[in-house]
Protein chains: 2
Amino acid sequence: MNNKEKDLQSIFKYVDEHVPLYVERLAEAVAIESVSAEKEKFNELIRMAEWTKNKLELLGTVCELVYPKSKQLDNGEFVKLPPVLLGQLGSDPKKVTLLIYGHLDSDGWDTEPFVLVEKDGKLYGRGSTDDKGPVIAWINIIEAFHCLKIEMPVNVKFCFELMEESGSVGLEDVLRCKKDEGWFQDVDCACISDNYWVGTKKPCITYGLRGLCYTNVEVTCSNQDLHSGVYGGSVHEAMSDLIYLLDNLVDKNGKILIPKIYDKVDPLTEKERDRYESIDFDCESYRKSIGASKLLYDNKAELLMHRWRYPSLSIHGISGAFSGKGEKTVIPCKVTGKFSIRLVPSQNPEEIAHLVEQHIKQLHKQRGSLNKCHVYSSFGPHWLTDVDHPNFLAGRQAIRRVYQVEPDLTREGGSIPVTLALQKYTGKNVVLLPIGAADDMAHSQNEKFNKDNYILGMKMLGAYFYELAEHIIKDN
Amino acid sequence: MNNKEKDLQSIFKYVDEHVPLYVERLAEAVAIESVSAEKEKFNELIRMAEWTKNKLELLGTVCELVYPKSKQLDNGEFVKLPPVLLGQLGSDPKKVTLLIYGHLDSDGWDTEPFVLVEKDGKLYGRGSTDDKGPVIAWINIIEAFHCLKIEMPVNVKFCFELMEESGSVGLEDVLRCKKDEGWFQDVDCACISDNYWVGTKKPCITYGLRGLCYTNVEVTCSNQDLHSGVYGGSVHEAMSDLIYLLDNLVDKNGKILIPKIYDKVDPLTEKERDRYESIDFDCESYRKSIGASKLLYDNKAELLMHRWRYPSLSIHGISGAFSGKGEKTVIPCKVTGKFSIRLVPSQNPEEIAHLVEQHIKQLHKQRGSLNKCHVYSSFGPHWLTDVDHPNFLAGRQAIRRVYQVEPDLTREGGSIPVTLALQKYTGKNVVLLPIGAADDMAHSQNEKFNKDNYILGMKMLGAYFYELAEHIIKDN
């Protein structure tokens, strides 16, 4: 038995002996109300950063809290931002340096979210799976090395932020600044554990994300909101123009009606198709879990492909119109429809935004309404990487080691913008290595983290350190 | 010169000599922040009721503040309601008894709404024209009789409420209760001064209102809001189903697409058509005032008829969808579209609600979506009365006396539900006798009341007392 295997076994044993500590530690983190969207919780964000910094320092990490510049809101007000926690553990130039990203803020919640409750092997609480649990899993596993006095096989750099749930405001400023300082120079690869398995049983490793083109269509019919009693019957109402435009975006089968929108979608290869067939996923339980009567596809591969590798269009809502309870009889003067298209390889976001704009303008012209129509979009690209990159091979091997199973190779339908940011600032490969299950319900009222996922995930991350050291060949 | 003419001249002279007092009084009323929609302004509603009660009592009115029962909200909470101010001035059985309705609450406002500002003969302030101005005009003119020791030609009963801008909650309870007490028995007719001239120069008297059928269409696609990144491409989204339904309600020319919806609309007679031709109204200034590029009709009679005597459909908004600023990428699980149809003689509200429901269900079935679709409507009838009723003849003569012009006979496109309520509880004719101008902008940020309309309106209401005494023959 080689050293790696012996060490891993000691580490895994150590983990198994410390489960109550790990649960308690997660409870402590969950109890810190670090909700980034709520201004009055700002001090909790700081407290969460300090708590994590303290944990990392005890393991020998050199930490730094980097405060981004205040952000100016639309109303002119300046908002203070919480720090980004950066850390470095080890700087042996002969070792691979891994950059670990995670976030320590969480979403709002309605009822008692900050008390971790264990029930049937599930740990319920805000942030338990998104993303405090995975961050603490990293800390716990490094702690095991530390306590057992086993040398870490890699150097580690940490980048933990507190604004992920609020658009990661300030993060890019910090990354840019640290790049200028050369902080990323010795990084060999990066890892983000902030997404989920496709199902609840089989681990996966994620190599693709969809991009996004978010469009606002603004229609204006008058210089003020009008009363439908007084003005109804005399004006071309902005709402009916907007509804017409929104009704010509996607058909009842989910097909996007914008001309040329599918032109640049990569053709499906047989090899890629096979990948979907082997994935642990059940359409019917998926359907039941969201309470839908019927899905757009009832074939596993088709359904997964339409979530991950084909574009989709969703209409999110309308601002400027009545949206409250009750029965207000307004003719809104200016309404803004909001919809977005998830982008896939090799759609170019700017091109797509242009096609969307052309389509809307064409429809508005066809309708012949003299109401003003203004279209504008914001967008970000898809992400797709090589599943055979050494960083991925290390992740896949670590999963096999701990779970005795070949992981699913998956994509996600959403965007995790920090993935692209880390790739950009490090210039290195990024892997998404989730440890949470599909039914963890991040952001919902019942967010949980399975104790098994927590503990086995921790072990897998430990194995990943060793695999990285073996798979990645240092340039220098 | 008969007594009536002599008295009226004294009264008009008195009015002219007291303009500064009247402006100051209106300023006092505007300064009371009686916004019925804002809970924390409840005491201001009481203060407004007390202020008015005090003014009426000084004129010899016997007043009563009747508190409706608390209202239970959807969330189970009980909300206290402000009182309805009832009053009686005179009870000479030989005299006609007029019931005057008005409201003393107002709508919210963004900036400094509660300071009455005079500019170019216009009195700006929240409630100046809707409806504190007209209510105070009644008080002022009666005060003139009082101070001049001229006998009032009619008995007057007052019904002033403080919840009109919030759906007149509690009013019907009070009316029902007072009817049981016999309070309405001696009422011969009623008058509401709470609407506006059609233009800005020529007075009018209003004999018709449209009814309303307000429909909610609820579409549900899942048991929780979904993230468009994770789920987009796999579900039949409720929003696209709803947008489809809403897009099939009205065409770009304002024509309602619901089958049989026009069947019961009264045919137009030549006599009615002529009435529209003579009305003081200019399409182009109307268009400019609302800042529309083009109206649905550019012919005066057509435009007025489509505002008053034909039904119209407006889409007000969607609840349950994203309606904020920014770019949220939600797939809403349950969205409720809100639209309403203004009803006209002789459409039956229940029949219309049924046609609407049929149409929506038919569309949903055609589309073949398995998402749940639920439709429900609330409705109220139109109101139409006889312009040759003595109550109207009295109003028309009073206008002629003060303005030396034949008033426009108008309808309104909106509903003033209290009109139907007063008609129901008194069993007598109700007249709408506006004194504000079309450009008063009730509910907008620039609500104003022309000083001329205030003063001349006051005189007209004084003349109306005399005309009532002459035109209405007491039953007893």
Tell me the label-point distance for the pair A:GLU350, B:ASP386, using the 7 Å Cα-to-Cβ offset, in nm and rounded to one decimal.
7.5
Can you classify segment A:237-309 as rounded, prolate or oblate using the Cα gyration tensor, where a ≥ b ≥ c are the square roots of its eigenvalues, rounded means a/c under 1.5, and otherwise it's prolate if a/b beats b/c and oblate if not?
oblate
Taking alpha-carbon centroids only, segment B:181-205 lies from segment A:293-355 a number of Å equal to 50
Between B:LYS252 and the same site in the other copies, what are the distances in nm, shortest first, taking label points 7 Å from Cα along the C-beta direction?
2.4
Order of A:LEU355, A:LEU246 - criterion: other Cβ atoms within 10 Å of each residue's Cβ, fewest first
A:LEU355, A:LEU246
Would you mind listing how long segment B:32-78 runs along its three principal axes, going by Cα atoms, in whole Å with the largest first?
43, 22, 10
In Å, descending, principal axis extents of the Cα set of chain A
83, 52, 48
Put a point 7 Å out from Cα along the line to Cβ at B:ASN54; what are the distances to that point in the other copies, in nm, shortest first?
6.1
Where GluC sites (Glu not before Pro) in DSSP loops with at most 16 other Cβ within 10 Å are excluded, longest remaining stretch of chain B
B:328-476
When each copy gets a label point 7 Å from Cα toward the beta-carbon at B:ARG176, what are the spacings between them in nm, shortest first?
6.6
If I take the Cα coordinates of segment B:130-273 and project them onto the principal axes, what are the three extents in Å, biggest first?
80, 45, 34
Environment charge of B:GLY60, counting only residues whose C-beta is closer than 14 Å and scoring Lys/Arg +1, Asp/Glu -1:
0
P(r) histogram, all alpha-carbon pairs of the protein assembly as shown included - 20 Å bins from 0, percent
13, 35, 27, 18, 7, 1, 0
According to the Cα gyration tensor, what semi-axes, each the square root of 5 times an eigenvalue, does the equivalent ellipsoid of segment B:1-123 have, listed from largest to smallest in whole Å?
33, 23, 10
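If you take the square roots of the eigenvalues of the alpha-carbon gyration tensor of segment A:263-370 and sort them as a ≥ b ≥ c, do you get rounded (a/c under 1.5), prolate (a/b over b/c) or oblate?
Cα axes put segment A:263-370 in the oblate bin.
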Rounded, prolate or oblate for segment B:373-443? Axes are the square roots of the Cα gyration tensor eigenvalues, ordered a ≥ b ≥ c, and the cut-off for rounded is a/c under 1.5.
oblate
If Lys and Arg each add +1 and Asp and Glu each add -1, what is the summed charge of the other residues whose beta carbon sits under 10 Å from the beta carbon of B:LEU171?
-3
For chain B, find the longest principal axis of its Cα atoms and tell me its angle to the long axis of helix B:390-403, 0 to 90°, nearest 10.
70
For B:GLY232, what residues show an amide H to amide H distance below 5 Å, using hydrogens built from the backbone and excluding near sequence neighbours?
none
Can you tell me the relative contact order of chain B? Whole percent, Cα pairs under 8 Å, sequence separation 6 or more.
24
Within 10 Å of each candidate Cβ there may be at most 14 other Cβ atoms; applying that plus a DSSP loop requirement, which trypsin sites (Lys or Arg not before Pro) in segment A:297-402 survive?
A:LYS325
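Taken together, the values in this text are just the output of simple stated rules run on the coordinates, not laboratory data. These numbers come from a predicted model, not from an experiment. So basically every Cβ, Gly included, is an ideal-geometry build from the backbone, and we count neighbours across all protein chains shown.
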